[in-house]
Amino acid sequence: MYDLFAALLLGILEGLTEFLPVSSTGHLLIAERWLGHRSDLFNIGIQAGAILAVVLIYRERLVELTRGVLQVDQSSLPKVDGDTPRTYAFKLAAAFVVTAILGLVVKKLGFELPETVTPIAWALIIGGVWMIAAEYFAGRRALTLGERARITWTVAILVGIAQVVAGVFPGTSRSAATIFVALLAGTTKRSSATEFAFLVGIPTMFAASGYELIDVVRSGQAAHEPWGLFAVAFVSSAVTAFIAVKWLLGYIQSHRFTVFAVYRMILGAALLLFLPSGA
């Protein structure tokens, strides 16, 4: 019964934090200190559940972009943040390719996630401070430049780099890094920056999960996986992520990201204060 509860809780935690700018990896690494370490396949499963939720939310946009890429005449198609669907899709592809190449380089260098909470706590705090500063400067840019929804090629490339940086430093948050890089680099409209960050996260996270899945299958770990717990975690992650992302997309229409930054700093400070050094 405890294992079932732990699987449910970890799935919910992944769904809540994967796309909110608070760092899912950081939260899961912390949670595993109390709930026990889970297999690589389990972690892949709960991440896949969260990705599936975003695919369902953006299913119409994804179909629109696919049709746009395949259609020869782009002039008759509705614009996507000022771009033709094909151009927008190519910018998503550019961000993904940058992430994939740099991600493979990081992997070859032998990077591993930290085994202690301390660096995650500091990443949460520093990331929270950075979010407040970034939103301030992004707001200044918005006042100067006006509302800009277009994703430039520069923004696309920087978003790709930001995804890798977030992966290297657990606690940074992939969604926070990509959204605020887009805002600082010239896309002043929060909803447009968020949509691009989430859309590029779909192929990125599916590719990362697939890459890890191949290693898991080759090592034989899949044969020993408790599939009932896996299913519970997958479904709970998907359902929770769907609700969380739907809520976030509505929230950012009239609110800043400040509440998430404050939460990160409080959580990071609490971890430093109440956990033993090196825990």
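The values are calculated or read from the model by the stated rules, or taken from the named source; none is laboratory data. Only a predicted model underlies this, so the values are computations on that prediction, with no experimental measurement involved. In this analysis, Cβ positions are derived from the backbone assuming ideal geometry, glycine residues included, and neighbour counts consider all displayed protein chains.
Pairs needed: first member in the stretch 191-205, at positive phi; second member anywhere, surrounded by 23 or more Cβ atoms within 10 Å (Cβ to Cβ) and not aromatic (Phe, Trp, Tyr); C-beta distance under 7 Å; at least 6 residues apart or different chains.
As it stands, the answer is none, since no pair meets every condition given.
For the stretch 178-222, give me the residue count where each residue is outside any helix (DSSP H, G or I) and crowded, with 17+ Cβ neighbours inside 10 Å. Before you say what the answer is, go through the steps one by one.
Here is the first cut: in the stretch 178-222, the ones outside any helix (DSSP H, G or I) are 185-189, 220.
Then drop every residue that is not crowded, with 17+ Cβ neighbours inside 10 Å, which leaves 185-189.
Within the stretch 178-222, residues that are outside any helix (DSSP H, G or I) and crowded, with 17+ Cβ neighbours inside 10 Å number 5.
Under 7 Å between Cβ atoms, at least 6 apart or on separate chains: pull out the pairs that start in the stretch 253-276 with a residue that is closer than 18 Å to Thr188 by Cβ and among the hydroxyl-bearing types (Ser, Thr, Tyr) and end on any residue that is surrounded by 15 or more Cβ atoms within 10 Å (Cβ to Cβ) and at pLDDT below 90.
Listed pairs, sorted by first residue: Thr258/Glu135.
Considering each residue of the stretch 33-90, count those that are over 22 Å from Leu20 (Cα atoms) and aromatic (Phe, Trp, Tyr), and give that number.
Adding up the residues that qualify gives 3.
Consider Ala166 carefully, then state whether it is closer than 17 Å to Gln47 by Cα and among the aliphatic types (A, V, I, L, M).
Details: closer than 17 Å to Gln47 by Cα: yes; among the aliphatic types (A, V, I, L, M): yes.
Yes, satisfied.
Inspect the stretch 118-127 for any residue being surrounded by 17 or more Cβ atoms within 10 Å (Cβ to Cβ), over 17 Å from the mean Cα position of the chain (by Cα) and aliphatic (A, V, I, L, M) and give the result as yes or no.
Taking the stretch 118-127 as the starting set, the residues that turn out to be surrounded by 17 or more Cβ atoms within 10 Å (Cβ to Cβ) are 120-121, 123-125, 127.
Still in the running and over 17 Å from the mean Cα position of the chain (by Cα): 121, 125.
From what is left, the residues that are aliphatic (A, V, I, L, M) are 121, 125.
Looking through the stretch 118-127, at least one residue is surrounded by 17 or more Cβ atoms within 10 Å (Cβ to Cβ), over 17 Å from the mean Cα position of the chain (by Cα) and aliphatic (A, V, I, L, M).
If you take the residues of the stretch 61-96 that are acidic (Asp, Glu) and either more than 25 Å from Trp153 (Cβ to Cβ) or assigned to a loop (DSSP other than H, G, I, E, B) (or both), which of them is modelled with the highest pLDDT? Step through it out loud before you land on a result.
Start the filter on the stretch 61-96 by keeping residues that are acidic (Asp, Glu), which leaves 64, 73, 81, 83.
Remaining after also requiring either more than 25 Å from Trp153 (Cβ to Cβ) or assigned to a loop (DSSP other than H, G, I, E, B) (or both): 73, 81.
On the way: Asp73: 79, Asp81: 83.
Here the residue is Asp81.
Could you grab me the full set of residues in the stretch 134-153 that are assigned to a helix (DSSP H, G or I) and modelled with pLDDT of 90 or more?
The answer is Trp153, and nothing else.
Taking the stated definitions as given, is His37 modelled with pLDDT under 85, loosely packed, with under 13 Cβ neighbours inside 10 Å, under 21 Å from Ala231 (Cα atoms) and not hydroxyl-bearing (Ser, Thr, Tyr)?
Numbers: modelled with pLDDT under 85: yes; loosely packed, with under 13 Cβ neighbours inside 10 Å: yes; under 21 Å from Ala231 (Cα atoms): yes; not hydroxyl-bearing (Ser, Thr, Tyr): yes.
Criteria met by His37.
Across the stretch 157-177, which residue is surrounded by the fewest Cβ atoms within 10 Å (Cβ to Cβ) among those that are touching a Pro at 6+ places or on another chain (Cβ under 7 Å) and not in a loop (DSSP other than H, G, I, E, B)?
Ala176
If I filter the stretch 154-163 for residues that are touching a residue at least 24 places away in the same chain (Cβ under 8 Å) and either of a type in the set (Asp, Glu) or at positive phi (or both), do I get at least one hit? Can you show your working first?
First, pick out the residues of the stretch 154-163 that are touching a residue at least 24 places away in the same chain (Cβ under 8 Å): 154-161, 163.
Those still in the list that are either of a type in the set (Asp, Glu) or at positive phi (or both) too: none.
No - not one qualifying residue is present in the stretch 154-163.
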